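Enquirer: One structure, as structure tokens, below. Some questions next.
The values are calculated or read from the model by the stated rules, or taken from the named source; none is laboratory data. What you are looking at is a predicted structure, and each value in this text was computed from that prediction instead of being measured. Using ideal geometry, Cβ is built from the backbone for each residue, glycine included, and neighbour counts are taken over all protein chains shown.
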Amino acid sequence: MVGKYVAGCFFVVIMLFASVCAEDNMELKLDKEVYKGLSEQMKITLTAPSLNKDIRTADMVVAKVTAENYSFGVNVFLIETGKNTGIFTGSVRFSSNTGNAAEKAIIVKDVAKLHVRYEGLTAEALWMPYNATIKFNADKYRGLGDSPKITLIDHDLNVQRNVVEEVQVLVKSTSDSKGIALKLVESAANSGEFTGYIKLTTGPSDSVKGSLRIKYDDEITVMYRDNINLNSSGKLCTAVAVWKPQTAVLKLSKDSFSGLNSKCKITVTDKDMNKRTDSIDTVDVKVTSDIDPGGVYVKLYETKADSGIFSADISFSTYSSNAARNTLKIAPKSDFKVLYNDEWNEMNKKNVPVEATAKFQLVEGVISTSAEEGSDLNGSITITVKDPDGDISNQKNTLPVNITSGSSSKGLTLWLVETGASSGSFRGTLYFSTRQVEDKDKRDVTLIVSQGDEIKITYNDTTVPEGKSLKISRTYTWSHQKAEIKLDKDSYSGYNSCANITIIDAEANRNPKSIDSVKVKISGDSMPEFTVTINETKADSGQFKGQVYFGRQESRTTNKLKVAAGDTFYVVYEDQGDYSFGAVETAAEWYPQNAELKLDRDSYYGNDAKVGITVKDWDMAANINEKDNITVFVGIAGNPPMLKLSLTETGKNTGIFTGTLAVNGTSSRYSNLRLKDGEVLEVKYTDEDNTEGISVERKASAVWRLKK
């Protein structure tokens with residue numbers, strides 16, 4: 001119904017759920033034309049700018065709501081949506097037994113025509129009961145562990161707003177015509193959707209536990225009486241499903257298995273064996289092999305309560321079967337079988353055997369090393385044996401290999417350690433020495449060798465597919481490794497800079513548990529030879545690193561070498577091996593560093609502008625363990641310097657010096673230089689040591705402006 005006031009007259013235009021007053025620009029409308037069920041809410045909106053009496057607060061008006069079967073109706077407060085909006089909203093819910101404005105509820109029965117009135121405006125709609133529906137989540141169920149889910153949708157049951165409500169339905173089976181009362185719970189407040197699960201059992205039904213007795217091929221029926229219904233009062237709603245036992249499924253994780261570290265996962269899916277609800281049930285399987293036909297019984301555990309899925313792992317052994325450890329005895333090559341008794345299947349047959357078969361075989365071990373076969377060895381070698389049969393437990397295991405050389409009559413046995421539990425990969429490090437090793441721990445893993453010795457690594461694999469032991473070998477030649485010496489650069493510049501020295505000599509690695517040291521001889525064109533001790537980078541590495549510094553004067557305590565421009569300096573190392581290749585040496589040139597002077601900008605603006613000055617000059621980093629200072633002179637370009645400024649090294653022995661001054665500044669924190677607009681600031685630094693061999697004045701400049 002739409003009402004319009006024109007010149008004091010009221011004209012009626014048919015409209016289902018809105019009414020408009022053109023003179024006052026008012027409109028009354030509802031959010032729907034038809035409402036179904038008690039869970040619905042009717043939302044009312046009144047647009048009336050003229051009713052916005054107080055622009056500072058949200059105003060309120062009252063609308064009247066009536067239904068055909070409840071003539072008294074209820075008053076509903078419509079609240080302005082915000083300050084000065086002129087839009088007023090409110091809502092009313094539906095009830096089958098209570099009409100109350102405080103609860104915003106109006107009584108409805110059967111199909112009811114609804115009227116909302118405000119002054120001369122009217123909006124209309126219909127309310128009708130909701131036709132309930134009920135259903136199972138499937139039409140067929142298999143096994144006792146299958147719990148049928150029942151869903152009832154009836155918006156007329158939503159009696160209490162914002163409360164999760166409950167309803168009871170009747171569930172029965174062909175075997176139990178009386179059935180049980182099952183409680184369904186609303187999935188969320190005001191949703192009108194109710195769900196519940198029923199448990200199946202071959203024993204007696206139990207309403208308390210929610211369990212229903214069933215037999216083979218039973219029909220399961222759920223019933224609900226819909227008392228508020230569009231078509232008829234008290235309509236019976238039903239849903240039907242069929243139940244049968246589940247035919248068990250037996251699976252193995254693979255068809256074939258290799259190596260004693262492999263595991264076979266056995267899985268049985270049989271929901272009929274879910275005997276106890278909310279508990280972990282078990283089933284038994286029998287596992288046999290062609291070498292052990294008696295086999296063992298293995299207990300499988302339900303993966304989670306009521307899942308009807310059962311699993312366990314079995315392992316393999318060449319010695320014996322063990323039920324306590326789920327271990328099956330096998331031959332080097334074996335067939336094995338898993339047997340399960342299906343107590344009741346979908347065809348209504350009892351105690352049906354179900355089996356699964358697979359193959360197993362041992363694996364031949366493989367030796368690999370960190371060197372290519374036939375190549376020359378030197379300080380050490382990493383040996384790896386991959387043999388899944390060597391893993392005999394779920395923990396890290398060890399495995400022996402025999403190693404011989406021409407200089408070691410007995411050789412040695414090296415025990416390799418498994419890289420991880422059940423990995424089947426075993427690894428260890430073998431060291432070589434031309435003399436007897438003093439350290440006992442390293443002696444057990446060190447082979448005595450001579451130049452040109454043939455090294456043979458042998459693994460005796462007692463578990464191979466052929467069923468016999470097999471010796472697997474790899475052969476190498478040992479030769480002494482010539483020591484290497486390296487510098488980090490080809491040439492160096494700057495006093496107090498340093499050269500990094502690296503020595504690689506596996507023979508100098510005397511003690512695997514501690515950091516060893518070696519000595520190198522340093523000499524130069526401007527000073528005699530002296531000795532520097534450098535240390536191993538870490539225990540057992542065979543790599544040694546150290547530093548030598550360059551200075552104007554020699555200092556043996558700080559490894560400082562006296563140098564002059566164009567000098568060549570030398571580093572000499574004497575090979576430590578018994579089959580020494582003699583001394584190894586390297587050399588590089590040194591020059592003073594040409595200083596660099598920079599400003600942080602090309603131009604500066606405004607009073608109190610900060611000027612950042614940087615000088616790079618290694619030659620002035622005189623104190624290795626302290627920050628040094630240098631001096632620069634600042635003034636106006638073309639004029640004598642006006643002030644001197646001290647720059648400080650950025651860190652210990654960095655050779656980089658920085659400082660800051662202010663132009664026309666007011667703070668005593670910075671040195672201050674007075675400039676006029678357009679004058680050029682100039683910084684000077686005297687570079688005393690450089691490649692030119694004479695003092696050189698370095699300059700940097702920038703213009704200063706009062707404004708940009």
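Enquirer: Of (1) touching a His at 6+ places or on another chain (Cβ under 9 Å); (2) assigned to a loop (DSSP other than H, G, I, E, B), Thr463 satisfies all except one. Which?
Expert: (1)
Enquirer: I would also like to ask the following. Look at the stretch 678-708 and say how many of its residues are surrounded by fewer than 10 Cβ atoms within 10 Å (Cβ to Cβ) and of a type outside the set (Gly, Ala, Ser).
Expert: 3
Enquirer: Note down all Cβ pairs under 8 Å where the first residue falls in the stretch 223-249 and is over 30 Å from Asp270 (Cβ atoms) and among the β-branched types (Val, Ile, Thr), the second is surrounded by 14 or more Cβ atoms within 10 Å (Cβ to Cβ) and modelled with pLDDT of 95 or more, and they're at least six residues apart or on different chains.
Expert: Close Cβ pairs satisfying both conditions: Thr238/Ile134; Thr238/Thr221; Thr238/Val222; Thr238/Met223; Thr238/Tyr224.
Enquirer: So is Leu250 in contact with a Phe, Trp or Tyr (Cβ under 9 Å, 6 or more places away or on another chain) and not in a loop (DSSP other than H, G, I, E, B) or not?
Expert: yes
Enquirer: Go through the stretch 349-386 and count every residue that is of a type in the set (Asp, Glu) and modelled with pLDDT under 90.
Expert: 3
Enquirer: Here's a check for you: in the stretch 344-365, which residue that is polar (S, T, N, Q) and assigned to a strand (DSSP E or B) is nearest to Phe257 (Cα to Cα)?
Expert: Taking the candidates together, the pick is Gln361.
Enquirer: Looking at (1) farther than 29 Å from Ser187 by Cβ; (2) at pLDDT below 90; (3) among the charged types (D, E, K, R); (4) loosely packed, with under 15 Cβ neighbours inside 10 Å, which one does Glu103 not meet, given that it meets all the others?
Expert: Unmet for Glu103, out of (1) farther than 29 Å from Ser187 by Cβ; (2) at pLDDT below 90; (3) among the charged types (D, E, K, R); (4) loosely packed, with under 15 Cβ neighbours inside 10 Å: (1).
Enquirer: Strands (runs of 3 or more DSSP E) wholly in the stretch 295-342 with at least 1 residues that are among the small types (Gly, Ala, Ser) - which ones?
Expert: Correct list: 309-317.
Enquirer: Any chance you could count how many residues in the stretch 642-661 are farther than 17 Å from Arg698 by Cβ and touching a residue at least 60 places away in the same chain (Cβ under 8 Å)?
Expert: Number satisfying all stated conditions: 1.
Enquirer: If you don't mind, another one. Wholly within the stretch 106-209, which strands (runs of 3 or more DSSP E) include no fewer than the required count, namely at least 3 residues that are at pLDDT 95 or above and under 49 Å from the mean Cα position of the chain (by Cα)?
Expert: Of the strands (runs of 3 or more DSSP E) lying wholly inside the stretch 106-209, those with at least 3 residues that are at pLDDT 95 or above and under 49 Å from the mean Cα position of the chain (by Cα) span 133-136, 149-153, 166-173, 180-186, 193-197.
Enquirer: Now for a different question. Return yes or no: is Glu193 under 16 Å from Thr174 (Cβ atoms) and in contact (Cβ under 8 Å) with a residue 12 or more places away in the chain?
Expert: For Glu193, the condition - under 16 Å from Thr174 (Cβ atoms) and in contact (Cβ under 8 Å) with a residue 12 or more places away in the chain - is not met.
Enquirer: Residues of the stretch 5-53 being at pLDDT 90 or above and among the hydroxyl-bearing types (Ser, Thr, Tyr), which ones?
Expert: Correct list: Tyr35, Thr45, Thr47.
Here is a yes/no grid of residues against (1) in contact (Cβ under 8 Å) with a residue 12 or more places away in the chain; (2) within 24 Å of Asp525 (Cα to Cα); (3) part of a strand (DSSP E or B):
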position	(1), (2), (3)
Glu585	yes, yes, yes
Tyr604	yes, no, yes
Val611	yes, no, yes
Val615	yes, no, yes
Val634	yes, no, yes
Pro640	no, no, no
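Enquirer: Which strands (runs of 3 or more DSSP E) sit wholly inside the stretch 651-708 and have at least 2 residues that are polar (S, T, N, Q)?
Expert: 656-663, 671-673
Enquirer: With respect to Lys299, determine if the residue is surrounded by fewer than 19 Cβ atoms within 10 Å (Cβ to Cβ) and either touching a residue at least 60 places away in the same chain (Cβ under 8 Å) or out of contact with any Cys (no Cβ under 7 Å at 6 or more places or on another chain) (or both).
Expert: yes
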